[in-house]
Amino acid sequence: MKRLILCAAAAALMTACSSMPTGEAAVVATAAMDQPAPAAADFMRMAAASDLYEIQSSQLIMQSTQNADMMVEHHTMTTATLSRAAQAAGMTPPSPSLDTRKADMIRQLQAAEGMARDSLYIQQQVMAHQEALTLHTSYSRNGDTPELKTAATAAVPIVARHYNEITAMQRGGGGHAGH
């Protein structure tokens, strides 16, 4: 029995460690761990808006940017995961919609061209992923709905990877946005 408990504890620890952000994302995630989480409905609305921004902004720059399709795919997946989690919790997931600030960011990207657009995209992505990482980390630790906490926990390594890649691109001079 002790061996079974030890094996289960080791498996849980390995799972937790594999999902813990590394690099610059670790700093953001660590700071978010003790932040209060928004209420479940607010978390769902904020997470859906975050994913929608990531999808729309990446679709705008797909022709000039490597791997923007990966961003669309990953954020479509996290939206679907959140929606399923909300339904499992007996909640109605909100229809994703952009808040005013993110809608303005999309308009700025639409107006920019060439390297200026790529540079703006990277700038916006750093900020958006920092916000998303903070949101998902705080909810995964301090949220009030177990199903949504599980969805937030699953999103953390995805958003952390994106954050690390986009900050590395920003440090590298912003060039072609391809993460």
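Read-outs throughout are calculated quantities, based only on the coordinates presented, and are distinct from any laboratory measurement. Please read these numbers as outputs of a predicted model, since none were measured by experiment. Glycine also receives a Cβ, built like all others from the backbone with ideal geometry; neighbour counts cover every protein chain displayed.
Numbers at a glance
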| item | result |
| --- | --- |
| Vicinal HN-Hα couplings computed from phi for the range 32-49 (Karplus, 6.51 cos²θ - 1.76 cosθ + 1.60; Hz; Gly/Pro x) | 7, 4, 9, 6, x, 8, x, 4, 3, 5, 5, 4, 4, 5, 5, 5, 5, 5 |
| Per-residue ³J(HN,Hα) for the range 92-104, Karplus 6.51 cos²θ - 1.76 cosθ + 1.60, θ = phi - 60°, Hz, x for Gly and Pro | 9, x, x, 6, x, 8, 7, 7, 4, 5, 5, 5, 5 |
| Net charge over other residues, Cβ less than 11 angstrom from the Cβ of residue 23 (K, R count +1; D, E count -1) | -1 |
| Sorted peptide list for 45-51, 139-145, 73-79, criterion being average Cβ within 10 angstrom, highest first | 45-51, 139-145, 73-79 |
| Total formal charge among the other residues, if their Cβ is under 13 angstrom from that of residue 164, Lys/Arg +1 and Asp/Glu -1 | 0 |
| Between the range 98-119 and the range 132-159, the alpha-carbon center distance in angstrom | 27 Å |
| Cα lying deepest toward the dipole's positive end in the range 26-157, options 150, 130, 114, charges on Cβ | 150 |
| For the range 76-90, 3J(HN,Hα) per residue [Karplus equation, 6.51 cos²θ - 1.76 cosθ + 1.60, θ = phi - 60°, Hz, x = Gly/Pro] | 5, 5, 5, 5, 5, 4, 5, 4, 5, 5, 4, 4, 5, 8, x |
| Residue-count net charge about residue 37 - beta-carbon cut-off 12 Å; Lys, Arg +1, Asp, Glu -1 | -1 |
